[in-house]
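*Asks:* Below: one structure in structure tokens.
The values are calculated or read from the model by the stated rules, or taken from the named source; none is laboratory data. Keep in mind that what you see is a predicted model, and the values were worked out from it rather than measured. Neighbour counts are summed over all protein chains in view; Cβ atoms, including those assigned to glycine, are modelled from backbone coordinates with ideal geometry.
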Amino acid sequence: MSRTSPRPWVLAVAAVVTSGIVVLVGFIGYRVVGVGVSGSMEGAAAAKSGTGELRTDLAPLVKRFPVLDAPDAARWMSGTFGRSDVPGPSTYWIDAVVTLAPDAVERLVSAYAPTAAGEVPDVVEGMRDRLPSGPFLSGDALDAAFDHERWYASAYLDPGSGELVLVATGV
């Protein structure tokens, strides 16, 4: 008895191989058009885009970063990475300068032991002139304290001004 139609597993394998080829061709096209044949992927990171609106509401920050507890004030901007004309899920960003009470600053320092490593936050243009002067305390434990529900942050604490800078990414 001869078969004339392909077996179901053959169709599944063909679909997977075809999908892989499409992804590979797309990547090669991106490298040639977007980066250049001899260019490196460095510097090809998706850019932050947003409305440029400076926000001061606290509730969205406290919801995403509960360790903030009850900040005194905040100035922040947000948006998405990449281009809006490209389909697919979005990755969001938040750059914030949060004013904390002195006891909250002490709590963060004693709980997470950040150190002065000479790091400076990399925030969007609209937030740069709002950064405290530093020096900033930072560290892995402080960053991890602000990781919550698919949001990840780099935290920079200026204990002299009582301000915390968050450079966060979430999905």
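*Asks:* Conditions first: (1) loosely packed, with under 12 Cβ neighbours inside 10 Å; (2) at negative phi; (3) at pLDDT below 95; (4) charged (D, E, K, R). GLU119 passes all but one, so which condition is the exception?
*Replies:* Evaluating GLU119 over (1) loosely packed, with under 12 Cβ neighbours inside 10 Å; (2) at negative phi; (3) at pLDDT below 95; (4) charged (D, E, K, R) leaves (1) as the failure.
*Asks:* Oh, and also: Looking at (1) part of a loop (DSSP other than H, G, I, E, B); (2) within 12 Å of the chain's Cα centre (by Cα), which is the one condition that is false for LEU166?
*Replies:* That leaves (1) as the condition not met.
*Asks:* Please go through the range 61-102 and give me each residue that is farther than 18 Å from ARG150 by Cβ and polar (S, T, N, Q), ordered by number.
*Replies:* SER84, THR99
*Asks:* Would you mind stating whether VAL109 is in the same structural domain as PRO60 (by TED's automatic domain parsing) and touching a strand residue (DSSP E or B) at 6+ places or on another chain (Cβ under 6 Å)?
*Replies:* Answer is no for this residue.
*Asks:* Then there is this: Across the range 45-94, what is the total count of residues that are within 13 Å of the chain's Cα centre (by Cα), outside any strand (DSSP E or B) and without any contact (Cβ under 8 Å) to a residue 40 or more places away in the chain?
*Replies:* Of the residues in the range 45-94, 3 are within 13 Å of the chain's Cα centre (by Cα), outside any strand (DSSP E or B) and without any contact (Cβ under 8 Å) to a residue 40 or more places away in the chain.
Results for (1) outside any loop (DSSP other than H, G, I, E, B); (2) of a type in the set (Ser, Thr, Tyr); (3) closer than 27 Å to GLU53 by Cα, shown as yes or no for each residue.
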site: GLY118; (1), (2), (3): no, no, no
site: PRO121; (1), (2), (3): no, no, yes
site: MET127; (1), (2), (3): yes, no, yes
site: PRO132; (1), (2), (3): no, no, yes
site: ALA141; (1), (2), (3): yes, no, no
site: ALA144; (1), (2), (3): yes, no, no
site: SER154; (1), (2), (3): yes, yes, yes
site: SER161; (1), (2), (3): no, yes, yes
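*Asks:* What residue, among those in the range 102-116 that are in contact with a helix residue (DSSP H, G or I) (Cβ under 9 Å, 6 or more places away or on another chain) and not in a helix (DSSP H, G or I), is surrounded by the most Cβ atoms within 10 Å (Cβ to Cβ)?
*Replies:* Across the range 102-116, the extreme among qualifying residues is PRO114.
*Asks:* Among the residues in the range 28-45, are any at pLDDT 60 or above and surrounded by 11 or more Cβ atoms within 10 Å (Cβ to Cβ)?
*Replies:* Checked against the condition, which is being at pLDDT 60 or above and surrounded by 11 or more Cβ atoms within 10 Å (Cβ to Cβ), the range 28-45 yields no hits at all.
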